[in-house]
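Engineer: Before we start, here is the structure in question, set down as structure tokens.
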Amino acid sequence: MTRLNDLGMPTRLTRYILFEIIRIFSVALVALTMLILVIGVARQLIREGMGPMAVLELLPYVLPISLQFALPATALFAVCCVYGKMAADGEVSTVKAIGVSPVQLMKPAFIFAALLSPAAVWLGDVAVSWGEPGVRRVALHSLEEITYRVLNAEHSYTRDKVFSISVCGVNGKILEGPTVTLYGSGSSAPTQIMAREGQLELDPERMALILRVTDSQLIGGNSFRGEFEGEDVIEISLDGAVLKEGGSDASPSHLPLNRMRKEAIKTEKQVEEDRGKLAAQVGFSLLTSRWDEIARDPVQPLEGRIHGGSYRLIRLRTEPWRRWAGGFSCLCFVIVGAPLGMIARTADYWTTFGMCFLPILLLYYPLFIFGLDEAKDGNLPPYAVWLGNVVLLGVGLLLIQRVRRH
């Protein structure tokens, strides 16, 4: 008797399944990415009031952000559709009857997802370290145009917690009766400037918005008042309004993976140095009986730096695990989706996808968020972010066993 492997059927079957997965995946990926792009750009348009050229400049930065969300869902959709249709058409039963294991049918999906997952990790890294800062930078460079457009339409504009402007009217580039509120950092009270007229100008090199006012009145946070005749220049710093790409002071969630280890070592050294300074300062205060120094400068600033550095160190150690877990969710989704599609046995794409995606959505994402939050708070080790992946992997293996038995 000629063996099945001699006929080459598993090889042809593998190629057929892989081709179907890639075909559906490609079409669905383009459609879903375009949908997310439109939603993402529209959201930024509504939020910022950008012009057409700024929107076009925004698209390359939004693309990797869209893809990082689209890849896992699209991979799941593709395998659910392929294996659901095969099961509904009786192809799975036929192949099992001639001696081919259902696991053999699922291997192309697993190989496809295993190759896709590192690409998803890379895309996620590009999205947070290049895409998101790029979106904020484009929005910042369009700030002058956005501010004038909003002021002309609504007579008031607020930029995060940096500043707000209200005007009586806008005549070309001239702001009539502007009132500018500059919000202080922390608990400091805001400063208010009122003027007869003013004009805005963005200085992108200095990351500042220049406001030129005429005949102004200043009301400071501590009831300070001052009146100034003639023209005066006010500089509104926007340095905190833009994400810095790879900077040493950037948030760990916006650093590239290849910078994580270096930043973690640097932060750990700084924390240890601050702890040594704190121990020396407290010891000196105790020896000299200066008890009051323990509750104020220079002890308190050191304690604050140690607390902030320790939290940053935890984030730096957790973030790589988070990105790898997010990327390899593609593989975990497919390990669950392939056998679940066979069990569902329906040729309807959306029914199959809904039956698979809803349980995964309700199971994976709450576990992922729980593990991430606990790891960032230091209550669990950094690899706790893989909790959702591990649970999905266990569920997938149980489903595979069920498909093999029946």
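The values are calculated or read from the model by the stated rules, or taken from the named source; none is laboratory data. All values reported here derive from a predicted model rather than from experimental measurement. Note that each Cβ is placed from the backbone with ideal geometry, even for glycine, and that neighbours are counted across all protein chains shown. Note: areas computed on protein heavy atoms with side chains; ligands, DNA, RNA excluded. Shrake-Rupley method; radii C 1.70, N 1.55, O 1.52, S 1.80 Å.
Engineer: So, for the chain, what is the accessible surface per residue at a probe of 1.4 Å, expressed in square angstrom? Show your work: numbers first, answer last.
Structural biologist: On the way: 21360 Å² over 406 residues.
Here the per-residue accessible area is 53 Å².
Engineer: Counting every Cα pair in the stretch 349-404, what percent are over 15 Å apart?
Structural biologist: Values: 882 of 1540 pairs.
In whole percent, the long-distance tail amounts to 57.
Engineer: To the nearest 10 degrees, how steeply does helix 143-154 sit against the main Cα axis of the chain, on a 0 to 90 scale?
Structural biologist: Approximately 80 degrees, to the nearest 10.
Engineer: Here is a further query. If you line up the long axis of helix 9-48 against the longest principal axis of the chain, both from Cα atoms, how many degrees apart are they, to the nearest 10?
Structural biologist: 20 degrees
Engineer: Same structure, new question: Measure off 7 Å from each Cα along the Cα-to-Cβ vector at Arg15 and Arg136, then give the distance between these two points in nanometres to one decimal.
Structural biologist: Reported label-point gap for Arg15 and Arg136 is 5.0 nm.
Engineer: With runs of 4+ DSSP H residues as the only contributors, calculate the mean residue ellipticity of the chain at 222 nm using -39,500 (n - 2.57) per run, divided by the residue total and rounded to the nearest 500. Present the calculation step by step, with values, prior to reporting the outcome.
Structural biologist: Values: 12 runs with 258 residues, N = 406.
Dividing the helical sum by the residues of the chain leaves -22000 deg cm²/dmol.
Engineer: Further, regarding this structure: Using the Kirkwood formula on the Cα atoms of the chain, what hydrodynamic radius do you get, in angstrom to one decimal?
Structural biologist: Values: mean 1/r = 0.0389 Å⁻¹.
Taking the inverse mean of 1/r over all distinct Cα pairs, the chain comes out at 25.7 Å.
Engineer: Picking from Cys330, Ile306, Leu316, whose Cα lies most toward the positive end of the charge dipole for the stretch 303-344 (charges on Cβ: Lys, Arg +1; Asp, Glu -1)?
Structural biologist: Of Cys330, Ile306, Leu316, it is Ile306.
Engineer: What angle, in degrees between 0 and 90 and rounded to the nearest 10, separates the Cα long axis of helix 299-327 from the longest principal axis of the Cα atoms of the chain?
Structural biologist: With rounding to tens, the tilt is 30 degrees.
Engineer: Okay, moving on. Just going by the charge dipole of the chain, with Lys and Arg at +1 and Asp and Glu at -1 on Cβ, which of Ser253, Ala195, Ile236 is farthest out on the positive end?
Structural biologist: Ser253
Engineer: I want to check the label-to-label distance for Arg212 and Lys269. Put each point 7 Å from Cα in the C-beta direction and report it in nm to one decimal.
Structural biologist: A separation of 4.7 nm, rounded to one decimal place.
Engineer: What list of whole percents do you get for P(r) of the stretch 15-174, with Cα-Cα distances grouped in 10 Å bins up to the one holding the largest distance?
Structural biologist: Using 10 Å bins, I get a P(r) of 9, 28, 22, 16, 12, 8, 4, 1, 0 for the stretch 15-174.
Engineer: Given springs between every Cα pair under 10 Å in a Gaussian network model of the chain, which of Phe328, Phe112, Phe19 has the largest fluctuation?
Structural biologist: Phe19
Engineer: Highest mean first, what order results for 229-235, 135-141 on Cβ atoms within 10 Å?
Structural biologist: Details: 229-235: 12.1, 135-141: 19.4.
Ranking the peptides 229-235, 135-141 by packing returns 135-141, 229-235.
Engineer: Using a Förster distance of 35 Å, how high is the FRET efficiency between Val162 and Trp350, based on the Cβ-Cβ distance and rounded to 0.05?
Structural biologist: Values: r = 45 Å, r/R0 = 1.27.
The calculated FRET efficiency here is 0.20.
Engineer: Please give the peptides 386-397, 162-173 ranked by average Cβ packing (other Cβ atoms within 10 Å per residue), highest first, as a rough proxy for protection. Mind showing how you got there, number by number?
Structural biologist: Numbers: 386-397: 19.0, 162-173: 15.7.
In decreasing order of mean packing, 386-397, 162-173 become 386-397, 162-173.
Engineer: I would also like to ask the following. So what's the stretch 114-230 giving for Cα Rg divided by 2.2 N^0.38 Å, two decimals? Intermediate values should be presented prior to the final figure.
Structural biologist: Details: Rg = 19.0 Å, N = 117, 2.2 N^0.38 = 13.4 Å.
Relative to the rule-of-thumb radius for its length, the stretch 114-230 sits at 1.42.
Engineer: Over the Cα atoms of the stretch 329-374, Rg to Rh with Kirkwood Rh, two decimal places?
Structural biologist: Details: Rg = 12.1 Å, Rh = 11.4 Å.
Result for the stretch 329-374 is an Rg/Rh of 1.07.
Engineer: What figure, in Å² to the nearest 10, do you get for the accessible area of Met355 with a 1.4 Å probe and non-protein molecules left out?
Structural biologist: About 100 Å², ignoring ligands and nucleic acids.
Engineer: What relative contact order, as a whole-number percentage, does the chain give when Cα pairs under 8 Å and 6 or more residues apart are counted?
Structural biologist: Details: 614 pairs, mean separation 77.8, N = 406.
So the answer I get is 19 percent.
Engineer: Once you charge only the Cβ atoms, +1 for Lys and Arg and -1 for Asp and Glu, what is the size of the charge dipole of the chain about its Cα centre, to the nearest 20 debye? Mind dumping the intermediate values first?
Structural biologist: Working: 40 positive and 40 negative charges, 505 e Å.
The calculation lands at about 2420 debye.
Engineer: How long is the stretch 61-150 along each principal axis, judged by its Cα atoms, biggest number first, in Å?
Structural biologist: Computed over the stretch 61-150, the largest-to-smallest principal extents equal 71, 25, 8 Å.
Engineer: If I model a spin label as a point 7 Å beyond the Cα along the Cα-Cβ vector, how far apart are those points for Asp203 and Lys277 in nm?
Structural biologist: A separation of 3.1 nm, rounded to one decimal place.
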